[in-house]
Amino acid sequence: MNADLRETPIRVERPSKTLRELALEKVREAIVEGYFKPGERLVERDLCAQLGVSRTIVREVLRHLESEGLVANLHNKGPIVALLDLNEAKQIYEIRGALEGMAARLCAERRDPAIVKALEASLMGIRFSYAAKDMAGVLGLTNAFYQTMFTMVGRHVAWGVVNLLTVRINHLRSMTIKTENRDVEGPAQMERIVEAIKRGDGDAAHKAALDHVARAAAIAEALLAAQQTHE
């Protein structure tokens, strides 16, 4: 083949994401952001029409989301949006507290201005997203905030553990960030973490991280308990 033809500027590039991956992202986002409610049936035919994809892709997406804990497959009912479990939520917040408290302490002990700068940038973005009622932005930037805390002190394994829980954490976080005054209270708590890191105070950073997780846990547990009461 002529070299000029191989290097032609009209060459069709392979899409960066497959149709299945795009469909998976859309359905996951719809569940996490509450478009599909806990306990709601996920009808394959309807999803095919809404997403504009084949039934094969929809089935693959639902199986993947079941492995993430976002979808449950009930006998004689089919796939539904998984109900958030109170006991599971408590365990997730326990893990978050232990790992985020450790990361905050290590960030403070590192005394690296680059860490503080990155955290402050994420926190500013979180505040802007709250003001714009952009809940997807809040979730994304909150994730970036914690990724900075873990990865900039070399705790990639711990961040990997958190990432395994990210979908479930965001499912819970999508509820808590919408509660009254959380748009003020949440960023203020995160700012205390950043200020302690900036001072190089490991104990204070650890405590601020634990306090933030404990408050989020209390909100989530109250919401889930109320849901169970009404079921």
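The values are calculated or read from the model by the stated rules, or taken from the named source; none is laboratory data. Just so it is clear, the structure is predicted and the values come from calculations on it, not from any experiment. Reconstructed Cβ throughout: ideal geometry from the backbone, glycine too, with neighbour counts over all protein chains shown. Remember, those area values only see protein heavy atoms, side chains included, never the ligands or the DNA or RNA. Shrake-Rupley method; radii C 1.70, N 1.55, O 1.52, S 1.80 Å.
Data for the structure
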read-out	value
P(r) of the stretch 99-179 over all Cα-Cα pairs, binned every 5 Å from zero, in whole percent	3, 16, 24, 23, 20, 11, 4
Fully extended contour minus Cα-Cα distance, from residue 49 to residue 181, at 0.36 nm per residue	43.7 nm
All-pairs alpha carbon distance profile, the stretch 71-121, 5 Å steps from 0, percent	4, 15, 13, 13, 11, 10, 10, 8, 7, 4, 3, 0
Residues of type lysines that residue 133 reaches as a straight line, Cα spacing below 19 Å, ignoring anything fewer than 8 places off in the same chain	178
Length-normalised contact order for the stretch 183-231 - Cα pairs under 8 Å, 6+ apart - percent	30
Span from the the stretch 149-200 Cα centroid across to the the stretch 55-121 one, whole angstrom	11
Computed label-point distance, nm, for sites residue 134 and residue 76 using a 7 Å Cα→Cβ extension	4.8
Cβ-derived FRET efficiency at R0 35 Å, residue 167 paired with residue 114, nearest 0.05	0.75
Accessible surface of the stretch 86-230 [probe 1.4 Å, protein heavy atoms]: carbon and sulfur percent	56
Accessible surface, the chain, averaged per residue in Å² (probe 1.4 Å)	56
Estimated Rh, the stretch 19-81: Kirkwood, alpha-carbon pairs, angstrom	11.4
Percent of alpha-carbon pairs separated by more than 22 Å within the stretch 92-231	34
Accessible surface of the stretch 19-81 [probe 1.4 Å, protein heavy atoms]: carbon and sulfur percent	49
Relative contact order of the stretch 1-157, pairs being alpha-carbon contacts under 8 Å that are 6 or more residues apart, as %	18
Label-point separation, residue 66 to residue 91 (7 Å along Cα→Cβ), nm	2.0
